[in-house]
Structure formats: structure tokens, C-alpha cells
Amino acid sequence: MSSWKEASAVTEREILKQWIEDSDNIVFFGGAGVSTESGIPDFRSQDGLYHQEYQYPPETIISHSFYRSNPEEFFRFYKNKMIITDAKPNEAHLALARLEQQGKLRAVITQNIDGLHQMAGSRNVLELHGSVHRNYCERCGKFYGLEAVVRSEGVPGCSCGGTIKPDVVLYEEGLDQKTIERAVQYIRQADVLIIGGTSLVVYPAAGLIDYYKGSKLVLINKSETGRDGDADLVIRESIGRVFESLNV
């Protein structure tokens, strides 16, 4: 990194740090990039291992219709690629939890399903796409934890004979309306909205940015997003590194 880029990065972080210090109404909205720094791969990335093991694109496998028509292959992919049992919260998760404890952060809105925000200590987490830690029987409604899916052979089954379905939002399924409404409310009322680890291309979740009416919209992402021009502050760095440098 050249010296002027280093200076620019420091300045951007200083602005963000000041905004955080001055606010007690911060909302964070995060995507897959927050979890990849904890070793959880973005399932859309088609690596060599993926090409060797699966005959369908990730978006096809993680769809409602595929789940219904080919549950064995669905769960093979789901267990191998979407459940990382040894993942730990990174600096971004931990810093956000501390900001909540300090009374500065009102809510974490996440597209991730790994539960790392809660593991870090965050309490008010709105999970737009559900969680791998919640599973339920489609026949009797009994709820199960993550272990019921991890330890199962093939398609996980309930004691009643029904199929245990992960409480995650698949392609072709709608988001939970109450969760969306709560997210909209927090974003509308926020003084500072920090968006991190997302390219803002997955809708309807990405459309939530439009409800923010404040003047401190922060985008933290390694690559350019289609909404950079709408932001008041853009930081193109590792989100974990940014939050670690803030020392909150």
C-alpha cells in the first residue's frame, strides 16, 4: 500500500471512530464478508472442491424446490458447505458486541446464518436469513439444535417420522415479515448506519439501505459496491481489521 493510501485509510478510520464515539444510536447491517474472516466460506464461491463434489450451482441446491425434490443432495451440500462447527467470532463480531454493551449499538441486522454475533455476545440480532442453530420438524413442529442435523446420516429425521428442516431462508422462500419490519424500524431511526461485508446485491435484504435517512452511512467492504456513491464514508478494507483498529 502506498503512503497516500495508508494515510487515506487512517483518516477514514478516524472519521468512523469519531462518529461511533459521538453516537448512541448505531445500527450494523452485515453480510457474508463478516463471516468469511472467521473461516466460513461464502457458499456462492465455486472453488475447486465444489466443482469436484457437486453437479449443481449453489443457488440451485439451496432452493426450496431442490430441497423438496432432492433432500439427500441438499443436506450433503448444507452440512459440508454451510455448517462450520469450529468457527469463532472475529474482531468485527466482538467489537459490535462491545458497542452494544456500551449502549451505542442498537441492533445487528445480518444476512448470515452462523450465529457468530450471538456467540460474540450480541443480544439484539435480527437474522434476515435464519440460523443453522434452529431446526424444526416439518410434521410435528418440534425444535432441534444444530447437533441434530450435524450428527444425522443423510436427511435428518424427527422421532415422529417427519423431516427436520433448518430454519434458514432458502431461495424461492420469503423473508420473515416481522424481522424485516423490525430491521426497517431500526434503520429508519439510526443516527449511524454501518454496512459491512456485503456487496449489496442480494435483495430484498440489500434494499433495506433505502430506509436510512441519516447522514452517516458507512460502507466497509474489500471490493466496490453498487451503492458506494450513496455512502457518506467508504472504507475498502477487511472489516475485522477496521474494527480492531477502532479499539472500541
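The values are calculated or read from the model by the stated rules, or taken from the named source; none is laboratory data. Since this is a predicted model, take the numbers as computed values, not measurements. Cβ sites come from the backbone with ideal geometry, for glycine too, and all protein chains shown count toward neighbours. These area figures cover heavy atoms from the full protein model, side chains too; ligands, DNA and RNA do not enter into them. Shrake-Rupley method; radii C 1.70, N 1.55, O 1.52, S 1.80 Å.
Sort out which residues of the stretch 31-44 are among the small types (Gly, Ala, Ser) and either open to solvent by 30 Å² or more (accessible area, probe 1.4 Å) or closer than 20 Å to residue 231 by Cα (or both), and write them in order of number.
The initial filter retains those residues of the stretch 31-44 that are among the small types (Gly, Ala, Ser), namely 31-33, 35, 38-39.
Selection gives 31, 32, 33, 39.
When the stretch 69-95 is examined, which residues are found to be among the basic types (Lys, Arg) and out of contact with any Phe, Trp or Tyr (no Cβ under 9 Å at 6 or more places or on another chain)?
Our first condition is that a residue be among the basic types (Lys, Arg); within the stretch 69-95, this holds for 76, 79, 81, 88.
Result: 79, 88.
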The correct count of residues that are surrounded by fewer than 19 Cβ atoms within 10 Å (Cβ to Cβ) and either farther than 26 Å from residue 28 by Cβ or at pLDDT below 95 (or both) in the stretch 106-144 is 7
Considering the stretch 54-105, residues that are among the aliphatic types (A, V, I, L, M) and part of a helix (DSSP H, G or I), and then whichever is most open to solvent (accessible area, probe 1.4 Å), we arrive at 94
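So how many residues does the stretch 149-160 have that are open to solvent by 30 Å² or more (accessible area, probe 1.4 Å) and outside any strand (DSSP E or B)? Show your work before the answer.
First, pick out the residues of the stretch 149-160 that are open to solvent by 30 Å² or more (accessible area, probe 1.4 Å): 150-151, 153-155, 157, 159-160.
Subsequent filtering for residues that are outside any strand (DSSP E or B) retains 150-151, 153-155, 159-160.
Residues meeting the conditions: 7.
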Only one of 57, 89, 71, 41 is free of Cβ contacts under 8 Å to residues at least 12 places away in the same chain and of a type outside the set (Phe, Trp, Tyr), namely 57
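Look at the stretch 1-30 and say how many of its residues are in a loop (DSSP other than H, G, I, E, B), at pLDDT below 95 and open to solvent by less than 60 Å² (accessible area, probe 1.4 Å). Before you say what the answer is, go through the steps one by one.
Here is the first cut: in the stretch 1-30, the residues in a loop (DSSP other than H, G, I, E, B) are 1-2, 23-25.
Now drop any that are not at pLDDT below 95, which leaves 1-2.
From what is left, the residues that are open to solvent by less than 60 Å² (accessible area, probe 1.4 Å) are 2.
Number of matching residues: 1.
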